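Working notes, beginning with the structure itself.
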């Protein structure tokens, strides 16, 4: 026979489930806050180039930038983030998450390599600042291919990093 009564969860069962969910969120939040503090995560919300050296793997890149021709005119964010507000913060969030994941798990290439999407961001930054000088080098047709600036100027942002 089919029991027509619905099985209802007890208030106690719902309370235990709610408590477990709150505990799990609390643990995840606590670990997240600890990681943010331990990794000096709030520094990444600034435009200070020294923030990038919070991670030891970036020290060589920072040192090369200090010796570069761009040291006095452009910081890390100027070349590695889009200039618009939304693009800047979306890229910071994306890079922050994937950098944290890679460095926490140890799953990254050494020396560190720039992803294709970030290469496009950097190329756009070059053109944003130097567009008037290189306008004649842009593709004649929309969607055409253009040589990346760093193909010839690999040491401009990071001296001696060929």
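The values are calculated or read from the model by the stated rules, or taken from the named source; none is laboratory data. These numbers come from a predicted model, not from an experiment. Reconstructed Cβ throughout: ideal geometry from the backbone, glycine too, with neighbour counts over all protein chains shown.
Numbers for the structure displayed
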read-out	value
Selection within the range 96-117 - modelled with pLDDT of 90 or more and under 18 Å from residue 152 (Cα atoms)	116
Any hit, the range 72-88, residues being under 19 Å from residue 40 (Cα atoms), at pLDDT below 90 and surrounded by 14 or more Cβ atoms within 10 Å (Cβ to Cβ)	no
The lone exception for residue 112 - which of (1) in a helix (DSSP H, G or I); (2) touching a helix residue (DSSP H, G or I) at 6+ places or on another chain (Cβ under 8 Å) it fails	(1)
Residue list for the range 105-135, restricted to those being touching a residue at least 24 places away in the same chain (Cβ under 8 Å) and either exposed (fewer than 11 other Cβ atoms within 10 Å of the Cβ) or over 19 Å from residue 82 (Cα atoms) (or both)	108, 110, 111, 112
Which numbered condition residue 102 misses (of (1) surrounded by fewer than 16 Cβ atoms within 10 Å (Cβ to Cβ); (2) assigned to a loop (DSSP other than H, G, I, E, B))	(2)
Any hit, the range 120-139, residues being at pLDDT below 85, in a loop (DSSP other than H, G, I, E, B) and more than 25 Å from residue 39 (Cα to Cα)	yes
Options 34, 62: the member that is at pLDDT below 90 and either more than 24 Å from residue 159 (Cβ to Cβ) or surrounded by 10 or more Cβ atoms within 10 Å (Cβ to Cβ) (or both)	34
Number of the condition not met by residue 47 [criteria: (1) touching a helix residue (DSSP H, G or I) at 6+ places or on another chain (Cβ under 8 Å); (2) surrounded by 12 or more Cβ atoms within 10 Å (Cβ to Cβ); (3) free of Cβ contacts under 8 Å to residues at least 40 places away in the same chain]	(2)
Test for residue 138: is it without any contact (Cβ under 8 Å) to a residue 40 or more places away in the chain, surrounded by 10 or more Cβ atoms within 10 Å (Cβ to Cβ) and more than 24 Å from the chain's Cα centre (by Cα)	yes
